[in-house]
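Report on the following structure.
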Amino acid sequence: MTASWEPLLSRARVAFAARFGGEPAAMGWAPGRVELLGNHTDYNGGLVMSAAIDRATVVAGRRAEGREARFVSVNLDQADAVPLDAIERTESGAWTRYVRGVCWALSQWCGPLKSGVEAVIVGDVPLGGGLSSSASLQSALAWFLIQLGVVPGRSSRAFTHDVGDLHRMELALTLRRCENEFVGVGSGLLDQFSSLFGRADHALFLDCETMAHDRLPLGKPGPAIVVCDSLTSRRLADGMYDQRRAECERVVAAFRDRIPHRGEFHLSWVSLEQLEAAWDQLDPVGRRRARHVLSENERVRQGVEALKSGDVIAFGRLMLASQASSRDDFDNSSQALDELIAAAEAAPGFLGGKLSGAGWAGCTVNLVRAECAADFAEAVRTSYGVKTGITPEIHICRAADGAFGRDLEPAQS
Ligand code: ADP
Ligand code: MG
């Protein structure tokens, strides 16, 4: 049987031979992710559930003479050469910031990379589509460098050993540092965590404050994870995201002195009961934002229990409740996203669905009985198309394993 990563690796081999000549010696593979429950909870110190998906990035290459890391993105048909002893930022928004950032963050963590490298990057996670191609790229690249043995003091064996999760968490934190401090995006830990900790037919749980985490079975065979892209621009979310953070912060400020705490105080330290009790004294917008976040935490707790008892139907209902809370309290849905969910609810095999990520535009994520996935996609395409005149892009995915690396034998010709 062909492994699911073979097609990407084949493309990487062809590109590598064309750009550098010869064969890559090692590869890293890492998936994108979807958020299943726990919307806008990460920066509020709350709880999230996600899944890694079978859309991924492969980085394949070998060691090279000198102190330069040379990368080619096959997707963008562009190259970059990173001087390993003086890694500088490229312009904001450039893809090279991610590869340079990974080299920088690994060097900060373990010391300068041991040798130059040359490698190609190829992925099938849509870029900038909310499925976290950026974390997939970062994790695949980090894993490739570790697999190749050029990261001082880190061997790939440590990540697959029993204590592998410890090393994975350290790596996730290192990659978040890359994104926060080098790339300049103020994201939480969820994306890197999901790409590194995924498991086939499992959902992932993360407590963003304590970093407690778990993998929960979605059933065997698990449902399809169907991502429906409304094709509305995520740019809409830019200013809104910061506005929501500020609105949550107003509620944090109102509670900070009322609730005993040590260290940083998060919105998630407030209970739903405390919020209800203080309702009339709170800012009328902020209190609804807070109710969304705190009820999301509660839905994650219930979602974990539902999956522990094998109840994927109850889990699906929680996703729909999350969507209603986004629409009514957090105001981060949109007409297009509401229409997509309405179309999904009427389609065959639907278990539950909600907007994914920041909201306001972009994608919905749906759990769908595996055997109905193709019919589901067709039904959503048709009914959303009739209503809006737009044919949504639909990705039928499965929950996938997390990142890994491997040494490569020369391809058989
Ligand atoms: P998302 O993570 O939701 O896909 P982001 O804006 O966070 O959206 O990250 C997308 C960016 O990640 C791309 O614009 C590009 O800079 C980088 N990226 C991801 N995959 C690749 C790739 N295969 N080649 C080059 N750059 C990539
Ligand atoms: Mg991203």
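Details
- Helices (runs of 4 or more DSSP H) fully within the stretch 205-324 counting 2 or more residues that are in contact with an Asp or Glu (Cβ under 9 Å, 6 or more places away or on another chain) and surrounded by 18 or more Cβ atoms within 10 Å (Cβ to Cβ): 237-256, 284-308
- The stretch 124-158, subset over 29 Å from E88 (Cβ atoms) and outside any loop (DSSP other than H, G, I, E, B), residue farthest from ligand 2 (Cβ to nearest atom): R157
Let's see how each residue does on (1) within 14 Å of ligand 1 (Cβ to nearest atom); (2) under 21 Å from F144 (Cβ atoms):
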position	(1), (2)
P7	no, yes
A12	yes, yes
A18	no, yes
G21	no, yes
W29	yes, yes
G32	yes, yes
E35	yes, no
N39	no, no
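- In the condition set (1) surrounded by fewer than 24 Cβ atoms within 10 Å (Cβ to Cβ); (2) of a type outside the set (V, I, T); (3) in a loop (DSSP other than H, G, I, E, B), R327 is compliant with all but (3).
- Filtered by the rule that a residue be in contact with a strand residue (DSSP E or B) (Cβ under 6 Å, 6 or more places away or on another chain) and more than 6 Å from ligand 1 (Cβ to nearest atom), the stretch 109-121 gives S115, G116, V117, E118, A119, V120.
- The set of residues from the stretch 45-74 being of a type in the set (D, E) and closer than 16 Å to E6 by Cα comprises just one member, D54.
- Matching option when the condition is more than 12 Å from the chain's Cα centre (by Cα) and crowded, with 24+ Cβ neighbours inside 10 Å, among L171, L190: L171
- For the stretch 134-164, the candidate set comprises residues that are among the hydroxyl-bearing types (S, T, Y) and crowded, with 24+ Cβ neighbours inside 10 Å; within that set, the residue that is nearest to ligand 1 (Cβ to nearest atom) is S134.
- Which listed residue is touching a strand residue (DSSP E or B) at 6+ places or on another chain (Cβ under 8 Å) and farther than 22 Å from R55 by Cα, from H167, H202, H213: H213
- Of the residues making up the stretch 176-199, those that are closer than 16 Å to L141 by Cβ, more than 11 Å from ligand 2 (Cβ to nearest atom) and in contact with a Ser or Thr (Cβ under 8 Å, 6 or more places away or on another chain) number 2.
- Count - residues of the stretch 352-384 that are outside any helix (DSSP H, G or I) and either crowded, with 21+ Cβ neighbours inside 10 Å or at pLDDT below 95 (or both): 17
- Within the stretch 123-139, residues that are under 14 Å from G402 (Cα atoms) and in the same structural domain as I53 (by TED's automatic domain parsing) sit with their Cβ atoms under 6 Å from residues that are more than 9 Å from ligand 2 (Cβ to nearest atom) and polar (S, T, N, Q), at 6+ positions apart or across chains, in these pairs: A135/Q192; A135/S195; S136/T57; S136/S195; L137/T57; S139/S195.
- Considering (1) over 21 Å from E6 (Cβ atoms); (2) away from ligand 2 (no atom under 16 Å from the Cβ); (3) modelled with pLDDT under 95, the lone condition that S115 does not fulfil carries the number (3).
Listed here are the residues, each with its yes/no results for (1) touching a residue at least 40 places away in the same chain (Cβ under 8 Å); (2) away from ligand 2 (no atom under 16 Å from the Cβ); (3) touching a helix residue (DSSP H, G or I) at 6+ places or on another chain (Cβ under 7 Å); (4) charged (D, E, K, R).
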residue	(1), (2), (3), (4)
F20	yes, yes, no, no
R33	yes, no, yes, yes
D42	yes, no, yes, yes
D80	no, yes, yes, yes
L84	no, yes, yes, no
R97	yes, no, yes, yes
L106	yes, yes, yes, no
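- In this entry, A51 is excluded by the filter for residues that are in a loop (DSSP other than H, G, I, E, B), aliphatic (A, V, I, L, M) and under 22 Å from G130 (Cα atoms).
- Here is the figure for the stretch 60-115: residues that are in a strand (DSSP E or B) and either crowded, with 19+ Cβ neighbours inside 10 Å or of a type in the set (D, E, K, R) (or both) total 12.
The values are calculated or read from the model by the stated rules, or taken from the named source; none is laboratory data. Fair warning: this is a prediction, and the values are worked out from it, not measured in the lab. FYI the Cβ positions are ideal-geometry reconstructions off the backbone, even for glycines, and counts take in every protein chain you see.
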